[in-house]
1. Take the stretch 53-95 and flag every residue that is hydroxyl-bearing (Ser, Thr, Tyr), at negative phi and touching a residue at least 40 places away in the same chain (Cβ under 8 Å).
2. Is it true that some residue in the stretch 27-36 is in a strand (DSSP E or B), crowded, with 22+ Cβ neighbours inside 10 Å, in contact with a helix residue (DSSP H, G or I) (Cβ under 8 Å, 6 or more places away or on another chain) and not polar (S, T, N, Q)?
3. Filter the stretch 72-93 for residues that are open to solvent by less than 40 Å² (accessible area, probe 1.4 Å), within 12 Å of CYS21 (Cα to Cα) and of a type outside the set (A, V, I, L, M) and give the result.
4. Looking for something among the acidic types (Asp, Glu) and either within 13 Å of the chain's Cα centre (by Cα) or modelled with pLDDT under 95 (or both) - is there at least one such residue anywhere in the stretch 56-65?
5. Only one residue in LYS42, LYS75 is part of a loop (DSSP other than H, G, I, E, B), out of contact with any Gly (no Cβ under 7 Å at 6 or more places or on another chain) and closer than 20 Å to SER124 by Cβ, so which one is that?
6. With (1) closer than 17 Å to TRP114 by Cβ; (2) in contact with a Phe, Trp or Tyr (Cβ under 8 Å, 6 or more places away or on another chain); (3) among the aromatic types (Phe, Trp, Tyr) as the list, and PHE28 as the residue in question, which single condition is left unmet?
7. Being touching a helix residue (DSSP H, G or I) at 6+ places or on another chain (Cβ under 9 Å), within 19 Å of ALA5 (Cβ to Cβ) and crowded, with 18+ Cβ neighbours inside 10 Å is the requirement here; does ALA39 meet it?
Amino acid sequence: VQLQASGGGLVQAGGSLRLSCAASGRAFSGFVMGWFRQAPGKEREFVASITRSGGRTDYADSVKGRFTISRDNAKNTAYLQMSSLKPEDTAVYYCAARADYGGTYGNPHLYDYWGQGTLVTVSS
């Protein structure tokens with residue numbers, strides 16, 4: 001599956017952005033989708049994940065209550081709605097896909113497909 005992330009940009013602290021991840025190729029509905037981010041000089045970290053039907057979502061503690069992950073299988077697209085953004089949310093955001101064979105959804109090494117990343121910059 002090929003993934004294309006979009007929607008990043010510059011936003012003031014307290015603002016909102018919605019990221020999109022468009023998938024093509026293999027059946028999108030067969031994959032768990034995840035969002036990860038990487039800030040300069042830091043390791044890639046888990047942000048959120050959503051199972052194939054959307055029945056389960058998981059979030060990093062740092063974004064819980066502010067970010068919402070969702071998916072539209074009919075449109076082959078996953079979303080990350082980000083609200084109450086903080087300067088520490090500044091990073092390149094990546095969407096990723098993996099088969100659903102269990103295990104932790106927050107481990108980036110278990111994801112097989114990655115998008116190219118979209119930059120989110122939050123100014124103070």
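1. THR77, TYR79, SER83, THR90, TYR93, TYR94 - these are the residues of the stretch 53-95 that are hydroxyl-bearing (Ser, Thr, Tyr), at negative phi and touching a residue at least 40 places away in the same chain (Cβ under 8 Å).
2. Within the stretch 27-36, one or more residues are in a strand (DSSP E or B), crowded, with 22+ Cβ neighbours inside 10 Å, in contact with a helix residue (DSSP H, G or I) (Cβ under 8 Å, 6 or more places away or on another chain) and not polar (S, T, N, Q).
3. THR77, TYR79, TYR93, listed by residue number.
4. yes
5. LYS42
6. (2)
7. Here the answer is no, as ALA39 does not meet what is asked.
The values are calculated or read from the model by the stated rules, or taken from the named source; none is laboratory data. Being a predicted model, the structure only gives us computed values, none of them experimental. With ideal geometry, Cβ positions are generated from the backbone for all residues, glycine too; neighbour counts draw on all protein chains shown. Quick note on the areas: whole protein, heavy atoms, side chains included, nothing else; ligands and nucleic acids left out. Shrake-Rupley method; radii C 1.70, N 1.55, O 1.52, S 1.80 Å.
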